[in-house]
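Okay, structure first, notes after.
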Amino acid sequence: MTLIELADVERWYGAGDEPVRALAGVSLSIERGEFVAITGASGSGKSTLLNILGGLDRPSRGRYRLGGTELATLDDTEISRVRNQDIGIVFQSFHLLPRLTVLENVLLPLRFAQSQIDLEARAKELLTRVGLSDRATHRPSELSGGQMQRAAIARALLMQPKLLLADEPTGNLDSKSAEQVLRLIGEVHAQGQTVVLVTHDPDIARSAPRHVRLKDGRVEEDGRR
Ligand code: ADP
Ligand code: MG
């Protein structure tokens with residue numbers, strides 16, 4: 001079953017004399033449960049693509065369907081709901097809130113959820129799964145980069161999203177922490193979730209079941225192993 005369908009997606013930045021075309025007609029379809037690595041030189045459009053997939057940004061032209069729903073037809077409240085329920089995102093720079101504890105950060109999606117079900121037990125379970133059960137009451141500033149990224153992954157998984165997106169999640173990490181984070185993301189995929197991982201590590205891309213390479217805002221290569 002198809003989860004993601006992009007048809008001829010373009011994204012232009014800036015109006016006026018010299019608009020930048022970050023995506024130049026991307027068509028891509030991703031099945032449920034796939035693991036897709038996205039690579040490409042800096043400026044090739046990877047983050048723009050991921051932000052569109054995550055509902056953080058909208059195409060200037062073209063269509064994006066997630067689970068059969070055309071996102072452009074949704075209003076802001078509905079998009080927020082989709083982002084909260086169906087999509088988990090992790091970024092290179094973690095995006096943890098410094099004043100909250102690790103546990104509160106993991107529970108953050110609940111603040112934006114429609115029903116306030118009790119997810120604290122699940123949040124604690126996730127912290128155990130990512131190896132941070134003893135850091136729940138610490139602040140992010142008391143964690144290493146690898147620990148912060150693992151907390152961010154736990155937060156991304158709280159609502160059991162269909163789709164996990166990661167934009168260079170190991171870009172700020174030492175190699176050992178990077179390995180742990182990639183192993184975790186691999187486990188998420190092994191449990192059946194769809195994963196789209198932006199990376200510029202050629203080894204990761206080579207070992208991924210599917211590798212999409214962007215160049216100048218276009219899909220230059222799309223291969224399955
Ligand atoms: P990547 O993640 O592959 O490095 P990006 O998606 O960040 O690429 O950027 C693609 C292109 O769009 C680049 O030329 C970049 O400078 C441009 N771009 C990205 N974001 C913006 C923005 N907010 N405003 C203007 N140009 C942007
Ligand atoms: Mg980027």
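Which one is farthest from Ile89 (Cα to Cα) among residues in the range 189-208 that are more than 16 Å from ligand 1 (Cβ to nearest atom) and buried (at least 20 other Cβ atoms within 10 Å of the Cβ)?
Of the range 189-208, the ones more than 16 Å from ligand 1 (Cβ to nearest atom) are 189-195, 203, 206-208.
From the residues that got through so far, the ones that are buried (at least 20 other Cβ atoms within 10 Å of the Cβ) too are 193-195, 208.
Details: Gln193: 13, Thr194: 12, Val195: 10, Ala208: 19 Å.
Within the range 189-208, the match that is farthest from Ile89 (Cα to Cα) is Ala208.
Within the range 209-225, being part of a strand (DSSP E or B) and surrounded by fewer than 18 Cβ atoms within 10 Å (Cβ to Cβ) holds for Arg210, Lys215, Arg218, Glu220, Glu221, Asp222, Gly223, Arg224.
Out of the residues in the range 171-224 meeting the condition of being of a type in the set (Ser, Thr, Tyr) and away from ligand 2 (no atom under 16 Å from the Cβ), tell me which one is nearest to Thr2 (Cα to Cα). Break it down into steps so the answer makes sense when it comes.
First pass over the range 171-224, keeping only residues of a type in the set (Ser, Thr, Tyr): 175, 177, 194, 199, 207.
Then drop every residue that is not away from ligand 2 (no atom under 16 Å from the Cβ), which leaves 175, 177, 194, 207.
Details: Ser175: 34, Ser177: 32, Thr194: 11, Ser207: 22 Å.
So the residue we want is Thr194.
Residues that are part of a strand (DSSP E or B), surrounded by 23 or more Cβ atoms within 10 Å (Cβ to Cβ) and touching a residue at least 24 places away in the same chain (Cβ under 8 Å): does the range 142-154 have at least one? So far as the range 142-154 goes, no, none of its residues is part of a strand (DSSP E or B), surrounded by 23 or more Cβ atoms within 10 Å (Cβ to Cβ) and touching a residue at least 24 places away in the same chain (Cβ under 8 Å). Within the range 51-59, one or more residues are surrounded by 14 or more Cβ atoms within 10 Å (Cβ to Cβ), under 18 Å from Asp222 (Cα atoms) and among the hydrophobic types (A, V, I, L, M, F, W, C). Scanning for something surrounded by 21 or more Cβ atoms within 10 Å (Cβ to Cβ), more than 16 Å from ligand 2 (Cβ to nearest atom) and at pLDDT 95 or above, does the range 7-24 turn up at least one residue? Yes. Selection of the range 87-109 for residues being crowded, with 19+ Cβ neighbours inside 10 Å and under 15 Å from Gln160 (Cα atoms) yields Ile87, Gly88, Ile89, Val90, Val106, Leu107, Pro109. From the set of residues in the range 22-49 that are of a type in the set (Gly, Ala, Ser) and either within 16 Å of Phe91 (Cα to Cα) or in a helix (DSSP H, G or I) (or both), which is nearest to the chain's Cα centre (by Cα)? Result: Ser47.
From the list Glu125, Glu120, Glu34, pick out the single residue that is of a type in the set (D, E, K, R), away from ligand 1 (no atom under 16 Å from the Cβ) and without any contact (Cβ under 8 Å) to a residue 12 or more places away in the chain.
Details: Glu120 fails: without any contact (Cβ under 8 Å) to a residue 12 or more places away in the chain; Glu34 fails: without any contact (Cβ under 8 Å) to a residue 12 or more places away in the chain.
Answer to the check: Glu125.
Just give me the residues in the range 84-118 being of a type outside the set (Val, Ile, Thr) and not in a loop (DSSP other than H, G, I, E, B), in sequence order. Asn84, Gln85, Asp86, Gly88, Phe91, Leu103, Glu104, Asn105, Leu108, Pro109, Leu110, Arg111 - these are the residues of the range 84-118 that are of a type outside the set (Val, Ile, Thr) and not in a loop (DSSP other than H, G, I, E, B).
Taking the conditions (1) assigned to a loop (DSSP other than H, G, I, E, B); (2) touching a Gly at 6+ places or on another chain (Cβ under 9 Å) in turn, Thr137 satisfies each one other than (2).
The values are calculated or read from the model by the stated rules, or taken from the named source; none is laboratory data. Here the structure is a predicted model, which is why all the values come from computation and not from measurement. All Cβ positions, even for glycine, are placed from backbone atoms using ideal geometry, and neighbour counts span all protein chains on display.
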